[in-house]
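**Q** My questions all concern the structure below.
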Amino acid sequence: MGLQEEVQKRKTFAIISHPDAGKTTMTEKLLLQGNLIRSAGTVKGKKSGKFATSDWMEIEKQRGISVTSSVMNFEYEGFKVNILDTPGHEDFSEDTYRTLTAVDSVVMIIDATKGIEAQTIKLFKVCKMRGIPIFTFINKLDRESRDPLDLMDQIEEVLNIETYPMNWPVGMGKRFLGILDRYHNQFIQFNGNEEETYIDLKDMDLPENKAIAENPTYQETVEELELLNEAGDQFSLERVLAGEQTPVFFGSALAPFGIEVFFNTFVKMAPAPGPRRTKDEVIHPDYPDFSGFIFKIQANMNPQHRDRVAFLRVCSGRFERGMNVQLARTGKTIRLGQTQQFVASSRDTVEEAYPGDIIGIYDPGSYRIGDTLLDGKNVFEYDELPSFPPELFQRVSAKNVMKAKQFRKGIEQLVQEGAIQLFRGYPTDSYIIGAVGQLQYEVFQHRMKNEYNVEVMLESIGDRIPRWLKKEQVDTKLFDERNLLVKDRDDEFLVLFKNDFALRWFVDKHADIELIDLFEVN
Ligand code: G4P
């Protein structure tokens, strides 16, 4: 098979959702569809109990499968599917956001009983900013849910994206009859624990379908859909692929119901790997030489060794195990011998990979987030990965002042690796680190001790709202502990506002000072 065909076969995506919306259940059902596992409930032992938050090794051990299942791949209907995990809960970190730089599309799961929740909004924003196509699955229709029209309104208003319902629920909870599939003109009947059945809408007037056709809930839904056909947006694959419209599917991951029609439609519509920007050109996936970039570094996967695994997304050409590649940042040649692909609960050695695939490569400490690895004479670097809005901030110092040198070295290295973000107080020059999730601090503290032999003291300064300032508008007199003035790694000034109230108060008082939200999405 040629490179072009291999590229077209690949669908690389992540599932974004708020904890408990059904991501694990959905992943299991997809793996079942891909015949990768025989029974559900094996993706991760998520209810395996609490871990001691101070011990990263323990966290790693307990997480076990959940870590190795960061990427899952399987063949489905002639496609090669790669699902990337976006950890939530206490696992939420910048890596969760960065994963979104390595996918070609996203499935957003919304709990029909709850509507849109906080973590979904955060992850959605990153997708929107990057123009990633988003497919929506509204889950838990077997429960008493919110009104589907309200859910559509909420998606449009809160997330500011056009919706196109691909199907529409007929009843919900105890009265849930199934879904009307507008896109394929069929009714999919919900039969509880039994398999779903498909009825072509043309056949609705046949005697055997009379009971459904005459059911008042069904009739109401047909009327509702007629209104939707007249008033709603038209389906546009072009707009879907541009990230401007989201096709919406209803169903239940647990039942399972509506999963097959959703996934069959998704694999056909979702984009294959596309071109990617470098500093001064665009590289297409069928560019003949191998290239890829590192979007995540997982430390201490094996507690016995201090090894690390770097996750690389292949962007062009063909990867072959044992090949020599160049690390574009340093010009160094590296042989990629120890490479892994992640299949559900096991790590297999990968022999070859194509654009869209994710491979795990052994990292002796040479890689940084965003690094480009490539083969061939033409040397380029893919665009830097963006940084993401930190929300939690801590002041950090070494317990033992004699260790100042190792302390600085450790922090610098971990910042370069992308484990945490560093800010310097102004004019005090104190160290303040920012993260998007608590896990990052645990990893930071653990690695500083184990890899740099420095015990660090962390002092929380709470959730903060960062806003950048123009240099010429900086006036140190205006800031204090409450609204802390700091510099970022590019020496730009920003203020860490104590809370929303403090921010609004400042804006009212100093209307002339421009505050910039680097992460605002329109
Ligand atoms: P997450 O990975 O997004 O955090 O969610 P997960 O799949 O673990 O699902 C969270 C809870 O919601 C689970 O129940 C799961 O069984 C349930 N769930 C998922 N999809 C559906 C659905 O379509 N309908 C209904 N009614 N429930 C659904 P739990 O009781 O918290 O966990 P468990 O004891 O079942 O493992």
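Values quoted throughout were computed directly from the atomic coordinates according to the rules given, and no laboratory measurement underlies them. From a predicted model like this one, the values you see are computed outputs, not experimental measurements. Heads up, the Cβs are rebuilt from the backbone with ideal geometry, glycines too, and the neighbour counts pull from every protein chain shown.
**Q** When the Kirkwood radius is taken over all Cα pairs of the stretch 442-502, what Stokes-Einstein diffusion coefficient follows at 37 °C and 0.692 mPa s, in µm²/s?
**A** Numbers: Rh = 13.6 Å.
Result for D is 242 µm²/s.
**Q** Quick one: P(r) of the stretch 164-318 from all Cα-Cα pairs, 10 Å bins, percents rounded to integers, in order of increasing distance.
**A** The percentages, shortest bin first, are 9, 26, 23, 16, 15, 8, 1.
**Q** For the stretch 325-332, just list the computed ³J(HN,Hα) in residue order, Karplus coefficients 6.51, -1.76 and 1.60, θ = phi - 60°, integers in Hz, with x standing in for Gly and Pro.
**A** For the stretch 325-332, the Karplus curve yields 10, 10, 8, 4, 5, 10, x, 6 Hz.
**Q** At a 10 angstrom cut-off on C-beta neighbours, averaged per residue, how do the peptides 457-467, 416-426 rank from highest to lowest? Each step should come with its number before you reach the end.
**A** Details: 457-467: 15.2, 416-426: 18.7.
Descending packing order for the listed peptides: 416-426, 457-467.
**Q** Among DSSP beta bridges lying fully in the stretch 141-250, give the percent that are antiparallel, nearest 5. Don't jump to the answer; show the numbers that get you there.
**A** Details: 12 of 16 bridges.
Just about 75 percent of them are antiparallel.
**Q** Please report, in whole Å³, the volume per residue of the convex hull around the C-alpha atoms of the stretch 139-214.
**A** Roughly 102 Å³ of hull volume per residue.
**Q** OK, next. I want the antiparallel fraction of DSSP beta bridges within the chain, as a percent rounded to 5.
**A** On the way: 82 of 105 bridges.
Counting DSSP beta bridges with both partners in the chain, the antiparallel share is about 80 percent.
**Q** Step through the table entries Lys399/Lys471; Lys23/Lys268; Lys125/Lys377; Lys279/Lys409; Lys332/Lys471, compare each Cα-Cα distance with 27 Å, and write down the pairs that go over it.
**A** Values: Lys399/Lys471 34 Å; Lys23/Lys268 21 Å; Lys125/Lys377 37 Å; Lys279/Lys409 29 Å; Lys332/Lys471 38 Å.
The pairs that break the limit, which is 27 Å between Cα atoms, are Lys399/Lys471; Lys125/Lys377; Lys279/Lys409; Lys332/Lys471.
**Q** So for the chain, averaging the separation of alpha carbon pairs under 8 Å that are six or more residues apart and normalising by length, what relative contact order in percent results? Walk me through the intermediate numbers first.
**A** Numbers: 1058 pairs, mean separation 74.8, N = 522.
So the answer I get is 14 percent.
**Q** Output the peptides 429-440, 212-223 sorted from most to least packed, where packing is the average of other Cβ atoms within 10 Å over each peptide's residues. Display every interim value, and only then the final one.
**A** Working: 429-440: 19.8, 212-223: 14.3.
So the order, starting with the most tightly packed, is 429-440, 212-223.
**Q** Mind checking the dipole of the chain: about its Cα centre, +1 per Lys or Arg Cβ, -1 per Asp or Glu Cβ, Debye to the nearest 20? Walk me through the numbers on the way to the answer.
**A** Details: 64 positive and 82 negative charges, 524 e Å.
Result for the chain is approximately 2520 debye, rounded to the nearest 20.
**Q** If packing is taken as the average count of other Cβ atoms within 10 Å, what order do 154-161, 331-338, 241-248 fall into, highest mean first? Before the final figure, lay out each step's value.
**A** Numbers: 154-161: 16.2, 331-338: 12.8, 241-248: 19.6.
Ranking the peptides 154-161, 331-338, 241-248 by packing returns 241-248, 154-161, 331-338.
**Q** Treat each spin label as a single point 7 Å out from the Cα along the C-beta direction, and report the Glu208 to Glu223 distance in nm.
**A** Roughly 3.0 nm, to one decimal.
**Q** Could you work out, for the chain, what percent of all Cα-Cα pairs fall into each 10 Å distance bin, beginning at 0 Å and stopping at the bin that holds the largest distance?
**A** Spelled out bin by bin, the chain gives 3, 17, 26, 25, 17, 8, 2, 0, 0 percent.
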